[in-house]
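Note sheet for the following structure.
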Amino acid sequence: MSNRELKKRLTEYFEHSMETEINIAHMEETIKLCVATMREQPAPAEPRQSFWGFLSDVFHFEGISLLLSQSIILLLTSLAICSLSMDPRELPMYMPFFILAVVPIFFRGQRYRVSEVEAATRTSGAQLALARLILAGGATLVCVTLLLGLEVRLQRSCENLGQMVLYCLVPYLTCMTAMLALIRKRRKDGISISIAIVLGSFVFWWCSSRLFPWLYEASAVGIWIVAVLAYSVLFTKEIVYIIHANKKVNMYGIVG
């Protein structure tokens, strides 16, 4: 049926319905005709954007704020290391703040009450979370590399570099895995819990550097390796969940 014929039938129907009572059977017939006509119309072929193109767009809108927040944390941490202590045991307590810098970005939809809009868009919440995770991980990798370089320069030795890498990985993986788990479980109070976890992690590592000095000796490296492996498994499970949710276009994240 052509659009002209459909328009003619609809006009005749509504002109007739104004003079007589509405006929339910005719109304249902009109609805079926409208639905059939819409289905006959060819859908516009829109090229689906690649993930890397989407990642570029996310960087365009959120990359500056992410890099700025990470740079501020790097600057403050570097000043603290230079002025307060050169002891590598201090490194773990600074790592959670790199997560704190990206918490507002991961929960931005909830903060501005647009999470429903994000969930209704063509791009799934899982893809958005994955893009943010890549950008945050890349920025943190650069910052931690510079921080380790500063520590090596202050120590004037690379002897403890392997241990310092472990000191950075364990707190980072712990806080990041916890934040992703909160997002996956759609906790509406996820942002406040994430901040509490970050601050609690800072206190824990600050206390451990003073109460458990043996934990940072060479003989305790095995404990750190086990911790890295354990949290790497948990972190990988969260990443796999995000990827599967993205492929199946499932709901991911906090709505409301």
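The values are calculated or read from the model by the stated rules, or taken from the named source; none is laboratory data. Here the structure is a predicted model, which is why all the values come from computation and not from measurement. Please note: Cβ atoms are built from the backbone with ideal geometry, for glycine as well, and neighbour counts cover all protein chains shown. The accessibility values were calculated without ligands, DNA or RNA, using every heavy atom of the protein model including side chains. Shrake-Rupley method; radii C 1.70, N 1.55, O 1.52, S 1.80 Å.
Tabulated data for the structure shown
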{"quantity": "Where residue 186 falls short, out of the listed (1) in a helix (DSSP H, G or I); (2) under 21 Å from the mean Cα position of the chain (by Cα)", "calculated": "(1)"}
{"quantity": "Residue count, the stretch 92-137 (criterion: over 12 Å from the mean Cα position of the chain (by Cα), open to solvent by less than 10 Å² (accessible area, probe 1.4 Å) and at pLDDT 90 or above)", "calculated": "4"}
{"quantity": "Candidates 170, 144, 152 - the one that is touching a helix residue (DSSP H, G or I) at 6+ places or on another chain (Cβ under 8 Å), more than 29 Å from residue 51 (Cβ to Cβ), open to solvent by 10 Å² or more (accessible area, probe 1.4 Å) and not acidic (Asp, Glu)", "calculated": "152"}
{"quantity": "Residue ID - nearest to the chain's Cα centre (by Cα), chosen from residues in the stretch 147-183 that are charged (D, E, K, R) and under 14 Å from residue 78 (Cα atoms)", "calculated": "151"}
{"quantity": "Qualifying residues in the stretch 204-256 (those that are at pLDDT 90 or above and of a type in the set (S, T, N, Q)) - the one least open to solvent (accessible area, probe 1.4 Å)", "calculated": "208"}
{"quantity": "Considering residues of the stretch 28-84 that are open to solvent by 80 Å² or more (accessible area, probe 1.4 Å) and β-branched (Val, Ile, Thr) only, the residue modelled with the highest pLDDT", "calculated": "72"}
{"quantity": "Residue that is modelled with the lowest pLDDT, among those in the stretch 155-167 that are part of a loop (DSSP other than H, G, I, E, B) and out of contact with any helix residue (DSSP H, G or I) (no Cβ under 7 Å at 6 or more places or on another chain)", "calculated": "157"}
{"quantity": "Top-ranked residue of the stretch 190-203 - restricted to ones that are open to solvent by 60 Å² or more (accessible area, probe 1.4 Å) and over 12 Å from residue 99 (Cα atoms), ranked as modelled with the lowest pLDDT", "calculated": "192"}
